[in-house]
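Before any comments, here is the structure.
The values are calculated or read from the model by the stated rules, or taken from the named source; none is laboratory data. Just so it is clear, the structure is predicted and the values come from calculations on it, not from any experiment. As a convention, Cβ positions derive from the backbone with ideal geometry for all residues, glycine included, and neighbour counts pool all protein chains shown. Accessible surface is based on the protein model in full, side chains and every heavy atom, while ligands, DNA and RNA are left aside. Shrake-Rupley method; radii C 1.70, N 1.55, O 1.52, S 1.80 Å.
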Amino acid sequence: MIRRVDRLSLLAVPALGYLAVIYALPLVMLLAKSVRTPEGFSLAEYADFFADEYNMRVLWRTLRVAGLTTLLALVIAYPTAFAMSRAKGGWLTVFLVAMVLPMSLGVVVKAFAWSILFRANGALNGALQWIGLIDRPIRMMFTETALIVGAANVFLPFMVLPIYAVVRQLDQRLPEAAASLGATPMFRFFNVTLPLTLPGVVAGSAFTFSLAVSMYVIPSLIVGERQQTLSMLIARSFLYLRNEPLGSTISAVLLGIAVLVVVLSSWLARRLGART
Amino acid sequence: MTRLTHRGLTRRSLLKTSAFAAAGTLATPALLRAQSSELVIGCAGSHTAWMEEIVVPHMKEAIGADILFEGTKSSVNLEKMASNKDQPYLSVVQMDDPVMIQAVEADLLTPITAEAVPNMTDLRGDAVHMDGMWCNYVQPWAGVAYNTDYSEGVPSWDALWDPANAGQVIIPSLQNTEGMWTLFVAAMLGSGKPFSEAQYEIDAAFAKLEELKPNLLSVYSTMSQAFNLLEQGEITLLSGNFSSYTLPRKSEGVPVDLAAPKEGIFAMPSGICLVKGGPNPELAEAYVNEMLGEKMQSAIADFASSVPANTTVKAGAVIPEGVQIYSPDWAFVAANRRAWIERFDKLMAL
């Protein structure tokens with residue numbers, strides 16, 4: 001049996017080779033550029049990066065936007081996953097198509113659609129005025145709120161699908177057992193349902209945060225150059241400033257954040273798995 | 001696993017097949033490059049309309065070239081050329097003068113000669129740069145684009161700073177060449193000096209730009225999106241826009257126009273060059289020759305409301321009368337642009 005598994009694992013060789021050449025090797029070269037100077041090894045680029053107040057503001061904005069995007073996606077995705085898990089036949093197909101089909105649309109097209117929604121005379125301002133919540137149009141375009149709404153829209157499937165996978169396997173007899181013992185709906189949710197679905201929440205949040213923290217096209221189109229993120233700084237460093245050490249340094253910082261998220265989420269998932 | 005072996009799929013054959021597949025995949029771009037009639041051209045994203053409609057069919061008919069073009073910003077084209085210096089895949093690049101200077105400094109260009117490109121002898125003298133390292137092929141003019149439903153015109157660049165236009169203005173980033181126009185206007189208005197002197201008053205320019213912040217809705221690096229907002233009336237003024245973009249939209253009935261404010265307008269520095277060591281060099285020279293020839297010059301100048309560089313061509317845009325048209329010291333820009341971009345981004349950051 002072990003020998004058979006070993007042989008089957010050879011099927012992964014092309015994929016591993018491809019990743020090594022196309023992904024790992026360039027990544028190592030990129031990281032090397034961030035610590036290599038004409039004089040030899042140096043962390044000066046990192047020191048300069050973290051000493052610059054502007055860079056710190058961009059780093060904080062990147063983390064804040066990614067965090068809030070993840071939170072908004074979670075708030076929308078969690079009930080959606082439950083609705084999908086209860087859906088049967090045609091309704092389930094409708095849910096899945098609604099989830100997957102928008103992924104086939106380019107971000108540029110979506111950004112133009114959002115600009116129609118967020119305009120001063122756009123649909124959202126019109127609706128808010130019509131129901132009397134505001135007297136005159138409020139500025140929505142080029143705001144962080146618009147960015148978070150737009151990003152959550154793009155990354156929603158990456159939050160819904162992991163939660164849906166867990167919720168679908170949830171043993172419905174457990175909340176029912178809690179109910180039969182007199183637990184209130186609130187108690188059942190926080191002490192039975194939520195802990196059992198947390199692995200899906202962690203996986204979905206890790207996916208969404210990792211994607212949101214490194215997004216480039218969406219902030220470029222929705223908030224423009226006045227609210228830069230780390231990815232925009234990387235593009236600027238390589239393409240406009242032609243400063244490869246700076247671009248490599250920021251890339252390494254971004255990679256570090258992504259790795260930290262993956263490691264933390266794996267650790268959390270293991271702990272939650274052990275508890276449940 | 002046994003069944004697999006019986007069908008002849010052994011571990012060795014599997015690895016061999018994978019290796020051949022990987023080699024094939026990696027070799028594909030080289031195989032494609034080897035096609036003799038193909039030319040990859042780097043150009044601006046805003047060139048897409050006339051490249052598709054005018055240039056691609058003409059080049060197929062005139063020189064038998066299959067044109068592939070990559071529309072992006074000049075600085076991105078420069079990066080592509082620099083990154084692929086040892087094995088260039090672009091043959092010709094159409095980009096702006098300040099970036100051309102950087103490309104010359106990085107030894108990425110090969111000179112255009114009259115022997116290989118006879119039509120360059122018909123160009124205006126000031127359209128050939130650094131002994132033929134690049135030529136200007138057409139020149140759009142730049143001013144302030146405005147939405148005609150919300151503005152009757154822009155008599156002065158001061159309108160950008162007018163409190164009545166709070167939140168109604170978008171300017172280009174200095175990452176885009178057209179972003180320089182707002183910087184130079186700010187230098188003129190801030191220093192009170194004529195353009196010839198003001199273009200070096202960069203501190204005055206940044207001080208004046210800071211005063212513009214309350215009026216800014218955004219700063220763009222992707223022009224099409226900003227222009228879309230102008231067309232839809234979300235903003236009233238789009239600074240630094242140029243005739244090859246605004247005037248064709250105006251002629252299509254979109255409520256936009258391009259103003260030539262009294263302080264002056266700017267000549268967009270649209271250049272064309274041959275990439276050093278680029279594929280199909282003879283076909284690339286033929287392409288450049290066609291671009292500088294009468295037929296292409298007339299067609300592009302008419303389509304893109306630009307001033308042709310070829311002196312035998314009478315078509316194209318008419319430069320507004322009664323205002324100065326400026327062309328800055330691009331060497332000074334090229335030497336300082338990186339520092340200006342960083343300073344500008346920090347100044348404009350929210």
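If the cut-off is 19 Å between C-alpha atoms, which lysines fall inside it for residue B:314, apart from same-chain ones fewer than 8 positions away?
The reachable lysines, counting only those whose Cα sits under 19 Å from residue B:314, are B:295.
Could you give the angle, 0 to 90 degrees to the nearest 10, between helix B:330-348's Cα long axis and the longest principal axis of the Cα atoms of chain B?
Helix B:330-348 sits roughly 80 degrees off the main axis of chain B.
Can you give the FRET efficiency to the nearest 0.05 for residue B:150 and residue A:116, using r as the Cβ-Cβ distance and R₀ = 22 Å?
0.75
For the stretch B:237-350, would you read off the P(r) tail past 17 Å as a percentage of all alpha carbon pairs?
70
Determine which lysines satisfy two conditions relative to residue B:213: a Cα distance under 20 Å, and not lying fewer than 8 residues away in the same chain.
B:346
Over the heavy atoms of residue A:10, what accessible area does a 1.4 Å probe trace out, to the nearest 10 Å²?
40
Excluding ligands, DNA and RNA, what is the solvent-accessible area per residue of the stretch A:61-212 at a probe of 1.4 Å, expressed in Å²? If you can, show how the numbers build up before the last one.
Values: 8050 Å² over 152 residues.
Heavy-atom accessible area per residue stands at 53 Å².
Give the average, rounded to an integer, of partner chain Cβ atoms located within 10 angstrom of each Cβ in A:240-248. Could the numbers behind the result be given before it?
Values: counts 15, 8, 8, 2, 0, 0, 1, 0, 0.
What the average comes to for A:240-248 is 4.
Which whole number gives the average count of other chain Cβ atoms within 10 Å of the Cβ atoms across peptide A:233-239?
Partner Cβ neighbours, averaged per residue: 4.
To the nearest whole percent, what portion of all C-alpha pairs in the stretch B:37-79 is separated by more than 11 angstrom? Write down the numbers at each step before the final one.
Details: 564 of 903 pairs.
More than 11 Å apart: 62 percent of the Cα pairs in the stretch B:37-79.
Can you give the Kirkwood hydrodynamic radius for the stretch A:198-259, in Å, rounded to one decimal and based on Cα pairs?
When all Cα pairs of the stretch A:198-259 are included, the Kirkwood radius is 12.6 Å.
Just want the answer: with Cβ charges of +1 for Lys and Arg and -1 for Asp and Glu, which residue in B:206, B:94, B:180 is farthest toward the dipole's positive end in chain B?
Going by the Cα projections, it comes out as B:94.
Please compare each pair in A:33/B:80; B:208/B:262; B:73/B:276 to a cut-off of 26 Å on the Cα-Cα distance and tell me which ones are over it.
None, as every Cα separation is 26 Å or less.
Ignoring ligands, DNA and RNA, how much accessible area is buried between chains B and A, both sides summed, with a 1.4 Å probe, to the nearest 100 Å²?
The B and A chains share an interface burying roughly 3600 Å².
Around residue B:180, what is the net charge, scoring Lys/Arg as +1 and Asp/Glu as -1 over all other residues with Cβ under 12 Å from its Cβ?
-3
Could you identify which residue out of A:158, A:49, A:187 has the top mean-square fluctuation in a GNM of chain A using Cα springs shorter than 10 Å?
Most flexible of the set in this elastic network: A:187.
If the elastic network links every pair of Cα atoms under 10 Å, which of B:66, B:131, B:122 fluctuates the most in the Gaussian network model of chain B?
Of B:66, B:131, B:122, the Gaussian network model singles out B:131 as fluctuating most.
Are there residues in the stretch B:326-346 whose accessible area shrinks by at least 40 Å² when all protein chains are included rather than the chain by itself, and which are they (probe 1.4 Å, ligands and nucleic acids not counted)?
Correct list: B:338, B:342, B:345, B:346.
Just reorder B:346, B:60 by solvent-accessible area, largest first, 1.4 Å probe, all chains present.
Ranked list, largest accessible area first: B:60, B:346.
What's the long-distance tail for the stretch A:48-132, i.e. % of Cα pairs beyond 19 Å?
68
For the stretch A:125-181 and the stretch A:213-230, write down the distance between their C-alpha centroids in whole Å.
Computed from Cα coordinates, the inter-centre distance equals 22 Å.
Can you tally the net charge around residue B:253? Count Lys and Arg as +1, Asp and Glu as -1, for every other residue whose Cβ sits under 13 Å from the Cβ of residue B:253.
Net local charge, residue B:253 excluded: -2.
Step by step: find N for the protein assembly as shown, compute 2.2 N^0.38 Å, then divide the Cα radius of gyration by it. What's the final number?
Dividing the Cα radius of gyration by 2.2 N^0.38 Å gives 1.12.
Using the alpha carbon gyration tensor of the stretch A:77-180, what are the three equivalent-ellipsoid semi-axes (square root of 5 times each eigenvalue), largest first, in whole Å?
Computed over the stretch A:77-180, the values are 34, 18, 12 Å.
Measure out, as a whole number of angstrom, how far apart the alpha-carbon centroids of the stretch B:131-208 and the stretch B:242-264 sit.
15
Which one, A:46, B:266, B:245, is farthest towards the positive end of the dipole of the protein assembly as shown when Lys and Arg carry +1 and Asp and Glu -1 on their Cβ?
Checked the options; the winner is A:46.
Compute the Kirkwood hydrodynamic radius of chain B, taking the inverse of the mean of 1/r over all pairs of distinct Cα atoms, and give it in Å to one decimal.
Kirkwood radius, chain B: 21.8 Å.
Can you give me the Cα centroid spacing of the stretch A:41-77 and the stretch A:231-247 in angstrom?
16
Mean-square fluctuation check for chain A, GNM, Cα pairs under 10 Å: which of A:137, A:14, A:199 is largest?
A:14
Leaving ligands, DNA and RNA out of it, report the carbon-plus-sulfur percent of the accessible area of the protein assembly as shown at a 1.4 Å probe.
Answer for the protein assembly as shown is 62 percent, counting heavy atoms of protein chains only.
Among the residues of the stretch B:203-220, which ones have their accessible area go down by 30 Å² or more when all the protein chains sit together, as opposed to their chain alone (1.4 Å probe)?
Residues passing the criterion (a loss of at least 30 Å², heavy atoms only) are B:217, B:218, B:219.
Rounded to the nearest 500, what is the protein assembly as shown's calculated 222 nm mean residue ellipticity when only DSSP H runs of at least 4 contribute -39500 (n - 2.57) each, over all residues? Provide the component values of the computation, followed by the final result.
On the way: 28 runs with 343 residues, N = 626.
Estimated from H runs of four or more residues: -17000 deg cm²/dmol.
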